[in-house]
Amino acid sequence: MDEELAKLLMQRAREALGNSYSPYSKLKVGAALLTEDGKIFTGVNVENASYSLTICAERVAVFKAVSEGFRKFKAIAITSDRGKIMPCGACRQVLAEFSPHMKVIVGDKDNFEIYELEELLPHSFNGNIVAPD
Ligand code: THU
């Protein structure tokens, strides 16, 4: 994928960090999701006093996009205030539901790596068996 576009997404993910609601873990996570149409949706982790109700930044970005009518994604950038983090398994599965061939950009300001989602979630469960065409 285009290096400049990856940089821009990472910058948007980093800008979002300030809105993270993470008083329990104190780890701020930001994500910026690029749709096939070139629109960007950001997300942050939102924690809760009932810990398990926490939602990750990546899923917030995906659910914002889907609820606005966007389901096809090119890439997502993910970052944290403690540098590079990898997306959790639940977020990989949610991303794969919509765009199994998308790119996943991880890192921080000027230092990032780009993966294929398929590398991060090989042999995934998909909807074929529960919702065949
Ligand atoms: N977190 C994310 O937002 N994305 C991930 O991929 C991994 C974890 C958040 C959830 C929680 O608020 C904090 O990081 C610590 O687990």
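The values are calculated or read from the model by the stated rules, or taken from the named source; none is laboratory data. Small disclaimer: the values here were computed from a predicted structure and weren't measured. Backbone-built Cβ (ideal geometry, glycine too); neighbour counts: all protein chains shown. Heads up: the accessible areas ignore ligands, DNA and RNA and are worked out on the full protein's heavy atoms, side chains in. Shrake-Rupley method; radii C 1.70, N 1.55, O 1.52, S 1.80 Å.
Here are a few things to note about the model shown:
- Rolling a 1.4 Å probe over the protein heavy atoms of the chain, with every protein chain left in place, gives an accessible area that is 51 percent carbon and sulfur.
- Legend: residues Asp2, Asp81, sorted from most to least accessible area (1.4 Å probe; ligands, DNA and RNA excluded), read Asp2, Asp81.
- Per residue value of the accessible surface for the chain (all protein chains in place, 1.4 Å probe), Å²: 56 Å²
- Of the residues Ile40, Ile129, ranked by 1.4 Å probe accessible area with the largest first, the sequence reads Ile129, Ile40.
- Translational diffusion of region 52-133, µm² s⁻¹ [Kirkwood Rh, Cα pairs; Stokes-Einstein; 25 °C; 0.890 mPa s]: 181 µm²/s
- Percent RCO, i.e. relative contact order, over region 9-103, from Cα pairs under 8 Å lying at least 6 residues apart: 29 percent
- Each Lys and Arg contributes +1 and each Asp and Glu -1, all at the Cβ; summed about the Cα centre of region 1-126, the dipole is approximately 360 debye.
- Couplings for region 55-72, taken from phi via the Karplus curve 6.51 cos²θ - 1.76 cosθ + 1.60 with θ = phi - 60°, read 10, 6, 4, 5, 5, 4, 4, 5, 5, 4, 5, 4, 6, 9, x, 10, 10, 10 Hz in order; Gly and Pro are left as x.
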